[in-house]
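Shown next, in structure tokens, is the structure this report addresses.
The values are calculated or read from the model by the stated rules, or taken from the named source; none is laboratory data. Given the structure is predicted, the values throughout are model-derived calculations rather than measurements. Neighbour counts run over all protein chains shown; Cβ positions are idealised from the backbone, glycine included. Heavy atoms of the whole protein, side chains included, go into the accessibility calculation; ligands, DNA and RNA do not. Shrake-Rupley method; radii C 1.70, N 1.55, O 1.52, S 1.80 Å.
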Amino acid sequence: MATTIYWFSGTGNSLHTARAIASGLEDQTQVISLARAWQAGETPPPGSRVGLVFPVYAWGPPLLVRRFVRKLPAEAVSSVFAVATYAGTLGPTLETLQRQLAERGLKMENGFAVKLPENYPPMGGPPGEEKQKRIIDRAEQKIQEIIACLNQPEPVGLESPNLLTRLLGKVANPVFSRRVSTADKNFYADEKCNQCGVCARVCPVDNIAMPDQRPQWLGHCEQCFACLHWCPQAAIQYGRRSRRQPRYHHPAVGLNDFIKPPQGGGAHEPE
């Protein structure tokens, strides 16, 4: 059986998780950027097992993941598994995705969660390096457990949080989803900006233009914060608090994993 793992990531937590899982699976596996596959209209090879690896946003899947799922052809997919990376709580993320897949005629029998360092500036940004290392070390152990589950034929079901966070997620995520696209009005480039254009080239949905060589956000943001965390000058800010926050990326990934050649985009599709 062939497996295609699609990843969505802003700082590398989910990208590393996808790669690590792929390296341990016993079948033939390819790892593909979900954002680029969605932009190109690519679909998995017929008969593929599909893996979706992505971060939790406000106790739910990112909007781009939901858009991608809406275009997955049921006839080409044998089964689906999902791995959600998170820093706070999982919420009903996996159940939400399972329900959406079922609407497409697709069955998700395996769903996992991996706790990794916080990277969301409105929640305070990343922890210190020692705490990051402890979290990442535990995540590596969890990834090995996931690989063992995926290499066995019997499904193990979905990881599920406690009832309270599931209920809170059902309230909070719709509010977040309605506001996320235009929340980029809080981004700006400060005086450290040297007009390098990295922010535009790492944006997975081409939401940043560079008129007069200064970044301008276009109102269809995914809130992945790749622009903020990968700026070489730490010049991209979000509100007032981010100036005091360190930048973060998973230590196993680098800028070249995210950067795209300069080109026009058009990756936005209305929710």
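Observations, loosely collected:
- The residue list Val65, Val69, Val50 contains one member that is without any contact (Cβ under 8 Å) to a residue 40 or more places away in the chain and under 17 Å from Tyr6 (Cα atoms), which is Val69.
- Note on segment 194-216: residues that are outside any helix (DSSP H, G or I) and crowded, with 17+ Cβ neighbours inside 10 Å total 7.
- Scanning segment 71-91 turns up no residue that is surrounded by fewer than 22 Cβ atoms within 10 Å (Cβ to Cβ), at positive phi and out of contact with any Ser or Thr (no Cβ under 8 Å at 6 or more places or on another chain).
- Residues within segment 123-141 that are part of a helix (DSSP H, G or I) and more than 12 Å from Pro251 (Cβ to Cβ), tallied: 6
Let's see how each residue does on (1) surrounded by fewer than 19 Cβ atoms within 10 Å (Cβ to Cβ); (2) more than 15 Å from the chain's Cα centre (by Cα); (3) of a type outside the set (Phe, Trp, Tyr):
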position	(1), (2), (3)
Thr11	no, no, yes
His16	no, no, yes
Ser23	yes, yes, yes
Pro44	no, yes, yes
Gly51	no, no, yes
Pro62	no, no, yes
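- Some residue of segment 207-219 being of a type in the set (A, V, I, L, M, F, W, C), touching a Leu at 6+ places or on another chain (Cβ under 8 Å) and more than 22 Å from Thr93 (Cα to Cα): yes
- When segment 92-121 is limited to residues that are small (Gly, Ala, Ser) and open to solvent by 40 Å² or more (accessible area, probe 1.4 Å), the one that is nearest to His220 (Cα to Cα) turns out to be Ala102.
- Residue list for segment 92-125, restricted to those being basic (Lys, Arg) and over 19 Å from Ile5 (Cβ atoms): Arg99, Lys115
- First in segment 182-197 and closer than 14 Å to Leu218 by Cβ and among the small types (Gly, Ala, Ser), second anywhere and in a loop (DSSP other than H, G, I, E, B) and open to solvent by less than 20 Å² (accessible area, probe 1.4 Å), Cβ under 8 Å, 6 or more apart: Ala183/Cys221; Ala183/Gln223
- Top-ranked residue of segment 40-84 - restricted to ones that are among the aliphatic types (A, V, I, L, M), part of a loop (DSSP other than H, G, I, E, B) and in contact with a Gly (Cβ under 8 Å, 6 or more places away or on another chain), ranked as modelled with the lowest pLDDT: Ala58
- For segment 88-115, filtering for residues that are assigned to a loop (DSSP other than H, G, I, E, B) and of a type outside the set (Gly, Ala, Ser) leaves 6.
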